[in-house]
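Notes to accompany the following structure.
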Amino acid sequence: MKKLEEKILAEGKAVNENILKVDSFVNHQVDPVLMQEIGMEFARHFEGQGITKVVTIESSGIAPALMTAAALHVPMIILKKQPSKILNQNLYQTVVTSYTKGTSYELTMSQDYMSENDHVLIIDDFLSNGEAATGAIRLLRKAHATIAGVGVLIEKTFQTGREKLEEQGVPVYALARVSKLAKDVIEFVPENE
């Protein structure tokens, strides 16, 4: 998505070969117009696939997932990273290790909002090594839901996430595919590749 790539180049900050900060428009301050366009693009790409729900992991994926769910006219489910004092029964849970933070957390979803009748689209901000998306897939499979695919705003193509997800039979659609990061350097895979 050309507009997202332009925004990344204009406002993103490449900290090093692994970290790209997009907090000025994705995950601290949010550009709602861009998020709406992103949601429409994901909806266009996955149109006609019978998606019944959009799922994301709190918190950076919420804005694009909500806009995607709105464009598809389906509910959005937020997978929780923090244990809840009130959401503590009838749960699906799995442990996920965060590549960025180097920590593990328990990913949680209420059994009340997912079933074997659901065909789900997972939306996230980044795809690096695929651990977060794989955790989401594990939860959805515990509910016997099917997965339509994973939509990500930014894929780091030099890491193994896409390969890991496709090996599980889950298609990946990335709006911006970063081929190289270094301090103050951001390069993209050409759109036709």
Q. Within segment 97-115, restricting attention to residues that are of a type outside the set (S, T, N, Q) and within 20 Å of H144 (Cβ to Cβ), which residue is modelled with the lowest pLDDT?
A. L107
Q | Checking I186 against (1) in a helix (DSSP H, G or I); (2) closer than 11 Å to E5 by Cβ, the condition it does not meet | A | (1)
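When only residues in segment 156-183 that are of a type in the set (A, V, I, L, M, F, W, C) and part of a strand (DSSP E or B) count, which is farthest from G135 (Cα to Cα)?
Filtering segment 156-183 down to residues of a type in the set (A, V, I, L, M, F, W, C) leaves 158, 165, 170, 172, 174-176, 178, 181-182.
Those left that are additionally part of a strand (DSSP E or B): 172, 174-176, 178, 181-182.
Working: V172: 15, A174: 18, L175: 21, A176: 22, V178: 23, L181: 25, A182: 28 Å.
Filtering first and then ranking leaves A182.
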Q. What residue, among those in segment 106-138 that are among the charged types (D, E, K, R) and in a loop (DSSP other than H, G, I, E, B), is farthest from the chain's Cα centre (by Cα)?
A. E116
Q. Within the set of pairs 6+ apart or on separate chains, which have a first residue in segment 173-186 that is closer than 18 Å to L153 by Cβ, a second that is among the acidic types (D, E) and assigned to a strand (DSSP E or B), and C-beta atoms under 6 Å apart?
A. A174/E155; R177/E155; S179/E187; K180/E187
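The values are calculated or read from the model by the stated rules, or taken from the named source; none is laboratory data. Since we're looking at a predicted model, the values are computed, not measured. FYI the Cβ positions are ideal-geometry reconstructions off the backbone, even for glycines, and counts take in every protein chain you see.
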